[in-house]
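One structure below.
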Amino acid sequence: MNRSPESIELLEQLRKLAKNEHAALARAYDLMGPVVFSLAVRMLRDRPAAEDVTQDIFVQIWRQAANYDTTRGSPEAWIMMIARTRILDRLR
């Protein structure tokens, strides 16, 4: 599977997070934070709530990075699935 340079870097950051390299979270956030936050704002229609849920999403990514499976999709898709689920939970 051909991956973009950003996707390859994100995959590397997830691998580092799985090894408890906490600095990788900041880089993963740099790569995906704006997209996750944008989705949260669109779905929640509340900027403060979107900021809060975005933080929760990245905490979950940090905790579950070892669960990411490359055979099941891109790292971006995995993160966006987590984001969508968390945002829907917040809407309920």
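What do you get for the angle between helix 47-64 and the principal long axis of the chain? Use alpha-carbon atoms, 0 to 90 degrees, nearest ten. The two axes meet at around 30 degrees.
What is the sum of charges around residue 12, taking Lys and Arg as +1, Asp and Glu as -1, for the other residues whose C-beta is under 12 Å from the C-beta of residue 12? Charge balance in the 12 Å sphere: +2.
Full extension of the chain segment joining residue 64 with residue 89 gains 7.3 nm, where the gain is 0.36 nm per residue of separation less the Cα-Cα distance.
Subtracting the Cα-Cα distance of residue 45 and residue 20 from their residue separation scaled by 0.36 nm leaves 5.7 nm. Dipole magnitude for the chain: about 240 debye, using +1 per Lys or Arg Cβ and -1 per Asp or Glu Cβ, origin at the Cα centre.
Near residue 56: Cβ cut-off under 11 Å, other residues only, Lys/Arg at +1 and Asp/Glu at -1. The net charge is 0. Dividing the summed -39500 (n - 2.57) terms of all DSSP H runs of n ≥ 4 by the residue count of the chain sets its mean residue ellipticity at 222 nm at -26000 deg cm²/dmol.
A straight line joining the Cα centroids of the range 1-52 and the range 67-87 runs 10 Å.
Element breakdown for the chain at a 1.4 angstrom probe: carbon and sulfur atoms account for 49% of the accessible area. The GluC sites (Glu not before Pro) of the chain that DSSP puts in a loop, and whose beta carbon has at most 13 other beta carbons within 10 Å, are 21. Which one, (1) 3, 15, 25, 31, 20, 6, 1; (2) 3, 15, 27, 24, 17, 10, 4, 0; (3) 3, 15, 30, 28, 18, 6, 0, gives P(r) over Cα pairs in 5 Å bins from 0, in percent as derived from the coordinates shown? Only one listed value fits the structure, namely (2).
The values are calculated or read from the model by the stated rules, or taken from the named source; none is laboratory data. This structure is a prediction, so every number in the text was calculated from the model and none was measured. In this analysis, Cβ positions are derived from the backbone assuming ideal geometry, glycine residues included, and neighbour counts consider all displayed protein chains. Surface areas here come from the heavy atoms of the whole protein model, side chains and all, with no ligands, DNA or RNA. Shrake-Rupley method; radii C 1.70, N 1.55, O 1.52, S 1.80 Å.
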